[in-house]
Amino acid sequence: MVYFADFLIFFAFLLVITDFFAMSYGVFTAAGAIFFVVGTIILFYIVHSVPIFFVRIVLPTYIVLTVFVAIFVYLGYKAYRSKVKTGEATLLNEVGEIKSDVKPGKDGKILINGELWTAFSDYEILSGSNAVVLEIDKRLRLKVKSAIK
């Protein structure tokens with residue numbers, strides 16, 4: 001039984017190392033942690049030369065670490081499910097203020113969220129008016145149309 005516990009602990013380390021090289025998203029590490037806990041508990045109860053207070057120290061440590069890992073997994077999942085806050089998705093349908101006239105065939109400037117962008121349009125939009133972003137072209141110019149108030 002001691003060899004089985006040693007095997008579980010060794011296998012746990014192999015799983016953690018494997019997770020560095022394989023894209024398992026932490027599955028190997030989680031399995032390794034479980035094998036490590038089970039192997040260590042088996043080893044503590046079989047080998048009597050290990051003092052019992054060590055179990056009283058190690059077991060609460062496992063529990064605290066498990067709670068922390070569960071919290072971080074929850075927060076990671078919550079971040080994964082959250083709405084996109086950067087990039088093209090945040091600019092589309094955003095309303096900004098035209099800073100320099102936008103005319104067909106002539107670029108202008110639009111201020112959105114404190115950033116000055118190059119804007120173009122099929123219609124004339126005068127400086128000081130509001131405009132809505134319709135799309136972003138490959139040169140990071142914003143196609144806009146006049147915003148109706």
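Neighbours of Val84, meaning other residues whose beta-carbon lies under 15 angstrom from its beta-carbon, give a summed charge of +2 when Lys and Arg score +1 and Asp and Glu score -1. The equivalent ellipsoid of region 88-146 has semi-axes of 15, 12, 10 Å, largest first, where each one is the square root of 5 times an eigenvalue of the Cα gyration tensor. Students often get this wrong, so check it: of Lys83/Lys109; Lys99/Lys143; Lys78/Lys138; Lys106/Lys143; Lys109/Lys138; Lys109/Lys145, which have C-alpha atoms separated by over 22 Å? The answer is Lys83/Lys109; Lys78/Lys138. Measuring r between the beta carbons of Asp137 and Ala22 and using R0 = 41 Å, the FRET efficiency lands at 0.55.
Just need the relative contact order of the chain here, percent rounded to a whole number, with Cα pairs under 8 Å and 6+ apart. Value for the chain: 14 percent. Pick the calculated Cα extents along the principal axes in Å for this structure from [x] 86, 28, 18; [y] 57, 40, 29; [z] 48, 40, 26? Only one listed value fits the structure, namely [x]. Taking the Cα centre of the chain as origin and assigning +1 to Lys and Arg Cβ atoms and -1 to Asp and Glu Cβ atoms, the resulting dipole is close to 340 debye.
Every number in this text was worked out from the coordinates using simple rules, so none of it is lab data. Small disclaimer: the values here were computed from a predicted structure and weren't measured. Cβ coordinates were reconstructed from backbone atoms using ideal geometry, including for glycine residues, and neighbour counts include every protein chain displayed.
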